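The values are calculated or read from the model by the stated rules, or taken from the named source; none is laboratory data. Source: prediction; values computed, not measured. Because the Cβ atoms are built from the backbone with ideal geometry, glycine has one as well, and the counts that use them run over all protein chains shown.
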Amino acid sequence: MTRQLLVRAIVVLAAAVGLAPTGVEAQEFIPQDAEEQATSGNGGLNLGLYGFSMRMGLDIEGGGDAQPLLSLALDMGDVFTRRLRLRPSAEIGFGNAVDTYVVNAEVMFRLADDTEAAVPYIGGGFAVAGQDNCGLAPNCPEVWLQFALGFEIRIREFLNWLLEYHAEDGLQRHRLFIGLSTRRAP
């Protein structure tokens, strides 16, 4: 019962974000300037919540079965440069006989500045994957190595469309996402 409420809440939130009026603007975020970052003593790691994305997509296993997905990703900070980002995320797969759950820890390298109209990125990380009745399933939970490739297209000053591909579980799974993301001010 609780899982169904969580899935419904995520669907409603994703629909609300997608149907938000066009006049709604995000609060302006003003980051530290480069001099403050260099003297802050954090050793190249600058943590904080600099954006998030809501995504939906499909998980396509090697056998061809597709499962719908909902996902939330957080832009949690920079590592040594503003282009290398920490991005944890969580995904829920539903609609098939078994619901799936994946938690990711990723590092994404953005190939262009956030000020560009289109920003391609590439990354990788680890995922912990589980499913309903995980204790009864063989090899559950599993740890997956993953690769990600995507791009964002600006639709407003701090709001982007995103399209993303994930190769996971030794290329046995392929995940395709589309969604909206927010970004910090340059």
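General remarks:
- Annotation: PHE109 fulfils all but one of (1) in contact with a Phe, Trp or Tyr (Cβ under 7 Å, 6 or more places away or on another chain); (2) modelled with pLDDT under 85; the unmet one is (2).
- Number of the condition not met by TYR165 [criteria: (1) in contact with a Lys or Arg (Cβ under 8 Å, 6 or more places away or on another chain); (2) within 20 Å of ARG82 (Cα to Cα)]: (2)
- Test: residue in region 27-42 that is among the acidic types (Asp, Glu), modelled with pLDDT under 95 and closer than 18 Å to ILE178 by Cα: no
- The set of residues from region 44-83 being over 20 Å from LEU111 (Cα atoms), outside any strand (DSSP E or B) and in contact with a strand residue (DSSP E or B) (Cβ under 9 Å, 6 or more places away or on another chain) comprises GLY62, ASP65.
- Within region 80-104, the set of residues being over 28 Å from LEU136 (Cβ atoms) and surrounded by fewer than 17 Cβ atoms within 10 Å (Cβ to Cβ) comprises PHE80, THR81, ARG83, LEU84.
Residue-wise test of (1) of a type in the set (Phe, Trp, Tyr); (2) part of a strand (DSSP E or B); (3) farther than 18 Å from LEU58 by Cα; (4) touching a Lys or Arg at 6+ places or on another chain (Cβ under 9 Å).
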site: ARG85; (1), (2), (3), (4): no, yes, yes, yes
site: ALA90; (1), (2), (3), (4): no, yes, no, no
site: ASN96; (1), (2), (3), (4): no, no, no, no
site: VAL103; (1), (2), (3), (4): no, yes, no, no
site: PHE109; (1), (2), (3), (4): yes, yes, yes, yes
site: GLU116; (1), (2), (3), (4): no, no, yes, yes
site: TRP144; (1), (2), (3), (4): yes, yes, no, yes
site: GLU152; (1), (2), (3), (4): no, yes, yes, yes
